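These notes are about the structure you will find just below.
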Amino acid sequence: PRHFALIPAAGVGARLGAGYPKQYLPIAGKPMVLHVLETFASSSAIAHVFLVVSAEDGYIRDALAAVPHLAGRVTVIYNGGATRQQSVLNGLHAIREQAGDDDWVLVHDAARPGLTVELIDRLVDALRDDPVGGILALPVVDTLKRAARDVRIENTVSREGLWAAQTPQMFRYALLRRALEQPAEVTDEASAVEAMGLQPKLVEGSPRNFKVTLPHDIALAELYLKGIA
Ligand code: CTP
Ligand code: MG
């Protein structure tokens with residue numbers, strides 16, 4: 001089976017508040033989304049890269065013009081949805097001609113520019129003969145509190161066995177489509193697959209693969225991408 005990258009990049013970046021979609025925010029000299037495209041495009045494990053943007057996106061054309069060497073490796077799908085889940089599903093429908101049922105799809109947030117080829121390889125290698133698929137994730141290191149009324153601590157939640165989900169999340173094309181077509185709203189692909197009674201594998205990711213969400217995340221992303229951190 002082949003491996004395809006599918007990158008949802010149709011969000012507005014409200015929490016970052018840049019005034020334009022955060023995937024186009026320059027980090028270490030180029031738009032966040034280009035870091036992600038470059039990484040997938042340079043991975044020999046990846047057959048092709050699909051990028052889902054909003055139908056009204058006015059930025060991707062100019063951004064890609066700066067990286068002509070990616071032209072044959074990346075296809076833009078102008079069909080983002082109202083939610084990340086819908087954007088991914090729209091992308092899956094758009095690639096139905098290219099992807100076989102058993103081909104793998106690696107879904108990765110455009111807002112995680114710290115992904116590396118080594119992390120992609122780690123995920124792909126760990127899932128080579130896997131019947132279900134899996135995700136990059138990190139063991140939780142914080143002490144966790146459940147809040148009660150008035151922001152008082154109800155109790156302390158053991159972090160034993162808890163992991164924080166990252167992306168890529170890697171599943172076979174047909175299974176992923178079936179999972180995401182269920183009506184339940186999910187915030188990642190794994191949840192949709194879990195809802196089918198399956199248990200995706202956890203593969204250790206990296207702190208540098210964090211999601212740029214709030215303004216203070218930008219400086220840290222710069223450090224990682226400039227190779228300082
Ligand atoms: N995404 C998408 N379609 C949507 C919403 C989100 O493709 N309707 C993508 C984003 O572009 C991003 C990824 O899903 O690459 C993760 O979402 P998030 O970090 O929440 O990005 P935004 O939704 O853009 O940010 P915010 O929630 O702060 O508005
Ligand atoms: Mg969002």
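The values are calculated or read from the model by the stated rules, or taken from the named source; none is laboratory data. Here the structure is a predicted model, which means the values were calculated and not measured. Cβ placement follows ideal geometry from the backbone for every residue including glycine, while neighbour counts extend to all protein chains displayed.
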So, of the residues in segment 88-101 that are among the small types (Gly, Ala, Ser) and over 18 Å from Pro168 (Cβ atoms), which turns out to be farthest from ligand 2 (Cβ to nearest atom)?
Gly100
In segment 10-43, anything near ligand 1 (Cβ under 9 Å from one of its atoms) and either at pLDDT below 95 or over 19 Å from Leu119 (Cα atoms) (or both) is listed as Ala10, Gly11, Val12, Gly13, Ala14, Arg15, Leu16, Gly17, Pro21, Lys22, Gln23
Starting from segment 6-25, take each residue that is farther than 16 Å from Ile60 by Cα and list its partners that are within 13 Å of ligand 2 (Cβ to nearest atom), counting only C-beta distances under 6 angstrom and pairs at least six apart or across chains.
Arg15/Thr213; Arg15/Leu214; Leu16/Lys22
Ile46 within 22 Å of Val124 (Cβ to Cβ) and within 16 Å of ligand 2 (Cβ to nearest atom)
no
Taking the stated definitions as given, is Gln85 within 10 Å of ligand 1 (Cβ to nearest atom) and either farther than 15 Å from Pro168 by Cβ or charged (D, E, K, R) (or both)?
yes
Here are Ile77, Ile153, Ile135: which of them is within 16 Å of ligand 1 (Cβ to nearest atom), over 15 Å from the mean Cα position of the chain (by Cα) and either modelled with pLDDT of 95 or more or within 29 Å of Ile218 (Cα to Cα) (or both)?
Ile77
Taking the residues in segment 89-104 that are buried (at least 16 other Cβ atoms within 10 Å of the Cβ) and in contact with a helix residue (DSSP H, G or I) (Cβ under 6 Å, 6 or more places away or on another chain) as candidates, determine which candidate is farthest from Val49 (Cα to Cα).
Leu89
If only one of Ile7, Ile46 is assigned to a loop (DSSP other than H, G, I, E, B), modelled with pLDDT of 95 or more and in contact with a Leu (Cβ under 8 Å, 6 or more places away or on another chain), which one is it?
Ile46
